[in-house]
Amino acid sequence: MTNPATLTRTDGVPMVRPMTEADIAALHGLSLEVRWPHQAEDWRLMLEIGHGLVACDGDDQVTACAMWWPFGDGLATIGMVIVSPRLQGRGTGRRLMRELFAAAGPRTIRLTATEAGRRLYESEGFRVTGSNTQYQGIVDAAAALDDPRVRPATEADRPAIAALDREASGGDRGRMLDALARAGRTVVLEDDSRITGYAVCRPFGRGHIVGPVVAADAESAIALASPHVRDRAGTFLRLDTPERDGPLVAFAQACGLANVDVSVTMTRGAPPATGPARIFTLANQALG
């Protein structure tokens, strides 16, 4: 990351510095400004996993931010790029992004983009490589399955979960998985004494989010999501998925979750090798 001592404020140009725990309240305020659902604890968890920058005005008030998460030497994601609406259009977002690109170095970078941000990212060398559909609502557990292969994860499962996630994501997301395990509940699918899938559910935004869900096929993904759906019955639940149709989407709809948004996944650099395990739902749109 750029040394903050080298960043100086001149008239009309915000100062940029590393994000710290002391910024959480201001960052939560920024997300409220743009009507994102993130709570202070969501910001705290993402900062625990990764790194960020903030831009400050002449009164040292945070006016913009951006974050990145290294997942090994070959992959990173970028997200939580917010510029206060009253200060948009001045190049602050692009400046923060370029600082993050420099920090990420030669890694392949992924991000989730709104339609409004897509043009900026395309101008910085990103291309559309997929999409994410957001489902949410008060969940109905009637469609949940009861698969005997699914059980709560234990400490002994952590290496197998990490290996499965590397296969699905193409990166080393071990630090993220550890943080998510502390924040929520993880279940695994065990086939013939081998872990073939996992799913996490944790507090996020207006309620809880189910993700990541990593599995070999959609039917296994549904089996893994089902215990979390039962646990959260009658409460607000969110699920972000790269699936546009098929069994998992039908399951989300049967659980009363509505499609409220579609965004695009963008990549800069060569996608890492993945498979056969797949990511069926995201940890959230910033982390992937």
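Just one of [x] 64, 37, 33; [y] 59, 44, 39; [z] 55, 48, 35 is Cα extents along the principal axes in Å calculated from these coordinates, so which is it?
[x]
Which of the trypsin sites (Lys or Arg not before Pro) found in the stretch 140-184 are loop residues per DSSP with 14 or fewer other Cβ atoms within 10 Å of their Cβ? It would help to have the intermediate numbers written out before the result.
Values: sites: 149, 166, 173, 175, 182; in loops: 149, 173.
Answer in residue order: 149.
Can you give me the angle between helix 92-104 and the longest principal axis of the chain, using Cα atoms only, in degrees from 0 to 90, rounded to the nearest 10?
Compared with the principal axis, the helix lies near 60 degrees.
For the stretch 134-281, build the convex hull from the C-alpha positions and give me its volume per residue in Å³. Intermediate values should be presented prior to the final figure.
Values: hull volume 16.3 nm³, N = 148.
For the stretch 134-281, the hull spanned by Cα atoms encloses 110 Å³ per residue.
Taking Cα atoms, how many degrees apart are the long axis of helix 174-183 and the longest axis of the chain, rounded to 10 and kept between 0 and 90?
It works out to around 70 degrees.
Of the trypsin sites (Lys or Arg not before Pro) in the stretch 89-139, which ones lie in a loop per DSSP and count no more than 16 other C-beta atoms within 10 Å? Intermediate results must be reported in sequence, preceding the final value.
Numbers: sites: 90, 94, 95, 98, 107, 110, 118, 119, 127; in loops: 90, 107.
Sites meeting the loop and neighbour criteria: 90.
Would you kindly give the portion of the calculated P(r) for the stretch 104-190 that falls above 18 Å, as a percent of all Cα pairs? Walk me through the numbers before you get to the answer.
Working: 2432 of 3741 pairs.
Roughly 65 percent, rounded to a whole number.
To the nearest 10 degrees, how steeply does helix 158-169 sit against the main Cα axis of the chain, on a 0 to 90 scale?
70 degrees
Mind giving me the nanometre distance, one decimal, between the label points for residue 217 and residue 90, set 7 Å out from Cα along Cα→Cβ?
With each label point 7 Å from Cα toward Cβ, the separation is 5.5 nm.
Read-outs throughout are calculated quantities, based only on the coordinates presented, and are distinct from any laboratory measurement. Everything quoted here is computed from the prediction, not taken from an experiment. Here the Cβ is made from the backbone with ideal geometry for all residues, glycine too, and neighbour counts use every protein chain on show.
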